[in-house]
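Report on one structure; see the data block that follows.
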Amino acid sequence: MATPVTGSGAVSSIVSELEALITTQPVDEVFISLPIDKYGSIIETLVQICQDQGIVVRVHADLSARSTIRPYLGELNGVPLVTVRSVPRDGWSILIKRLIDILASGGLLLLLTPFLALVAILIKLDSPGAILFRQERVGLNKRRFELLKFRTMVDGADLLQQTMEHLNEVPGPVFKIRNDPRLTRLGTYLRRFSIDELPQLVNVLKGDMSLVGPRPLPVRDVDRINVQWHKRRFSVKPGVTGLWQVNGRSDVNFDRWVQMDLEYIDHWSLGLDLKILAKTVPVVLAGSGSY
């Protein structure tokens, strides 16, 4: 059983007290719980004293008061390290998540090929322009990638947005207009039932996105984010669907939107992904993806 070690006076006296104690008493382990930022050198000395006598030392890695911090012990090329994460740890669950992404996105693309071809033809007949809308988005750890969607707006809609910033109806960095005049006739229905999102299955298959995760934002929106904690949403892959899509969607402000993203990150599990995917189906069928 470990023998607890405590100091009775000033912190500087702990070194001599510990040295005297482990010299005269049977000690199996020493547990050190001191703030590393204030007493780093003293902790190093205490560890060395215990190592000299072959006594196991456990150091409380009190790196942050935030409950989202997850420290892990390990090593890199023989060098001991404390890894600090605020995202799910790599492991079998993450590998299974990726396997589900590959199998589901690949299978859906094959299954929906006739429907996707029909949508492509209708887009071409409805308005001039490309079938697919391609836009640079910000993904995992702020890496940029080209997101694919069915085009739902008139050709050149991105350029028109620069003249419409004053019409933005959503506070914060994102740009949203409920009755966007750039929408095509067909585009309105494609968005309402989230059909325009289906080409993102290609992004999932490539690995830029996951089926479930925070919504990928355009570079324009990311450049306008000025709240630091909002940026933790980039610590996981963006997704085709997520908590935001199944809990309010456009009816929530950006702060609440990001809070839901962080709730997803902090409580992630394969079960949560499956739950969100199950909730996505009725939301899509209800046609709540209006803008």
Filter pass, D273 being part of a helix (DSSP H, G or I), in contact (Cβ under 8 Å) with a residue 40 or more places away in the chain and under 24 Å from P181 (Cα atoms):
no
Report, ordered by the first and then the second residue, all pairs with beta carbons closer than 6 Å, sequence separation of six or more or different chains, a first member in segment 101-127 that is within 26 Å of K237 (Cβ to Cβ), and a second member that is among the β-branched types (V, I, T) and part of a helix (DSSP H, G or I).
D101/V204; S105/V204
How many residues, within segment 153-191, are surrounded by 17 or more Cβ atoms within 10 Å (Cβ to Cβ) and either modelled with pLDDT of 90 or more or in contact with a strand residue (DSSP E or B) (Cβ under 6 Å, 6 or more places away or on another chain) (or both)?
7
Among the residues listed as K97, K124, the single one being in a helix (DSSP H, G or I) and touching a helix residue (DSSP H, G or I) at 6+ places or on another chain (Cβ under 7 Å):
K97
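The values are calculated or read from the model by the stated rules, or taken from the named source; none is laboratory data. These numbers come from a predicted model, not from an experiment. Methodologically, a virtual Cβ is constructed for each residue, glycine included, from the backbone with ideal geometry; neighbour enumeration extends over all protein chains shown.
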